Amino acid sequence: MPGFRSDLVEDRFRIPSADRILLDSFNDFLKLCHPFNERAYGFEVLLYLYVYDDSSLGIDELWMMIRNGRPHREAFGRFINRLKDAGVIVVEPDPANRRKKLVRLDRELFCELGGFMFDKVTAEEL
């Protein structure tokens with residue numbers, strides 16, 4: 001019976017350097033998005049906030065947009081407050097409607113996410 005050869009295992013599971021760079025970049029992306037990963041719908045919320053950054057997206061509109069596992073409104077409000085406390089979103093009153101709260105990604109996080117998807121974007125360019 002042949003002996004165990006550890007070099008075969010290492011060769012089989014070795015990650016090429018280009019893939020390692022991609023994997024490291026993806027891990028950095030996950031670290032950036034960590035507060036959003038707290039809930040199943042968090043990544044969907046992150047994508048909506050990124051895509052609709054220029055619009056006047058309110059908390060209730062954002063809640064209604066969630067398609068997968070929409071929480072109760074109160075639970076969603078607590079999730080938004082945790083994101084605000086973590087500093088990854090900004091909640092501000094709508095100048096046109098006092099009862100509406102606008103939700104946006106933090107500018108630095110928006111730029112970092114843009115760096116993963118496009119060329120590096122700086123806050124000054126926005």
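The values are calculated or read from the model by the stated rules, or taken from the named source; none is laboratory data. These numbers were taken from a predicted model, which means no experiment stands behind them. Backbone-built Cβ (ideal geometry, glycine too); neighbour counts: all protein chains shown. Note: accessible area is taken over every heavy atom of the protein model, side chains too, but ligands, DNA and RNA are not part of it. Shrake-Rupley method; radii C 1.70, N 1.55, O 1.52, S 1.80 Å.
Screening ASP106, ASP85 for residues that are over 13 Å from the mean Cα position of the chain (by Cα) and either more than 19 Å from CYS33 (Cα to Cα) or free of Cβ contacts under 8 Å to residues at least 40 places away in the same chain (or both) leaves exactly one candidate, ASP85. LEU126 satisfies every condition listed in (1) at pLDDT 85 or above; (2) open to solvent by 30 Å² or more (accessible area, probe 1.4 Å) except (1). Considering segment 45-66, the residues that are modelled with pLDDT of 90 or more and out of contact with any Leu (no Cβ under 9 Å at 6 or more places or on another chain) include one that is most open to solvent (accessible area, probe 1.4 Å), namely MET64.
Would you confirm, using the coordinates I've provided, whether ASN37 is surrounded by 11 or more Cβ atoms within 10 Å (Cβ to Cβ), polar (S, T, N, Q), assigned to a helix (DSSP H, G or I) and modelled with pLDDT of 90 or more? So ASN37 fails the test.
Looking across PRO71, PRO93, one residue alone is surrounded by 11 or more Cβ atoms within 10 Å (Cβ to Cβ), over 16 Å from the mean Cα position of the chain (by Cα) and closer than 18 Å to GLU38 by Cα. It is PRO71. Residues in segment 84-100 that are of a type outside the set (Val, Ile, Thr) and under 20 Å from GLU112 (Cβ atoms): LYS84, ASP85, ALA86, GLY87.
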